[in-house]
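Single-structure report; data block below.
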Amino acid sequence: MSARPASDGRAGVLRTAPPVALEVDLGPGVRALFTTRAGGVSPEPWDSLNLGLNVTDDAARVRSNRARAAARLGAPIAFASQVHGTDVVRLDAPAQDADGAPVDSVGEADAIVAAARGVGLGVLVADCVPVLLADVDAGVVGVAHAGRRGLAHGVVPAALEAMRAAGARVGNVRAAVGPSACGRCYEVPATMRDDVALARPAARSTTSWGTPALDLPAGVVADLVAAGVADVVHLAACTVEDERFFSHRRAARGGTTTGRFAGLVALCTA
């Protein structure tokens, strides 16, 4: 499976340049993309388009970065406070405060669904799997954050069920599985791998150096296919290996923190 990136982001990008993102085709009238590190205002170690508010970056910088991402998407973006669970928030209008500014969070959840145009949805990651979903005919979009726990407990089926409740048909849904830690790099204890693989066998993996691992994107793809999603695109970039993206694991090896990139989706207003 493949997608058509708008830019690979490897060239030097000025801080004042627009966010660099990989765009994917989820159907006519849908904007869908995965941001990279490039095109924001945050200094190292979050350099530069950090969209996460919980990684010790200055909140004003993060909100500025989120505004840049929203301009690239063409819609205000709703983010949730992700807790590695399976709860889903449904939105029927942009998530804004009394002054019309985007709220920082729509609540604790790991998936968001919208059945309205001009409502941008975002999912934050730095090794976990960002999932974008769209049923163009029904006018329903969704996002899901699939980490180890969320995948094992069924966050992807939960997101699809919420889309179905909003009027989507799973057979019409198109999905994009974004950059994440790959099965060659996501090392875990053997007991953890076995526990996750008991619920999601496709996630069982081995690192390139021969130790137990999890292939979270393989587990996500398997869940989507099992649910009846026929059109699945996987952007198979490994966040641990590819420095275009933030990676918690790569940063931890260097004894530092890092930012969060995002998967974004919206139904266009025109």
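The values are calculated or read from the model by the stated rules, or taken from the named source; none is laboratory data. Not measured: the values here are computed from a predicted model. These accessible areas exclude ligands, DNA and RNA; they are computed on the full protein's heavy atoms, side chains included. Shrake-Rupley method; radii C 1.70, N 1.55, O 1.52, S 1.80 Å.
Data table
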{"read-out": "Share antiparallel - DSSP beta bridges, the chain, percent rounded to 5", "value": "75 percent"}
{"read-out": "Probe 1.4 Å, protein heavy atoms only - accessible area per residue of segment 50-175 in square angstrom", "value": "37 Å²"}
{"read-out": "Of all accessible heavy-atom area on the chain, the percent that carbon and sulfur account for (1.4 Å)", "value": "51 percent"}
{"read-out": "Value of relative contact order over the chain, rounded to a whole percent, pairs C-alpha under 8 Å and six or more apart", "value": "23 percent"}
{"read-out": "Full-extension gain in nm, D104 to R169, via 0.36 nm per residue minus C-alpha separation", "value": "20.4 nm"}
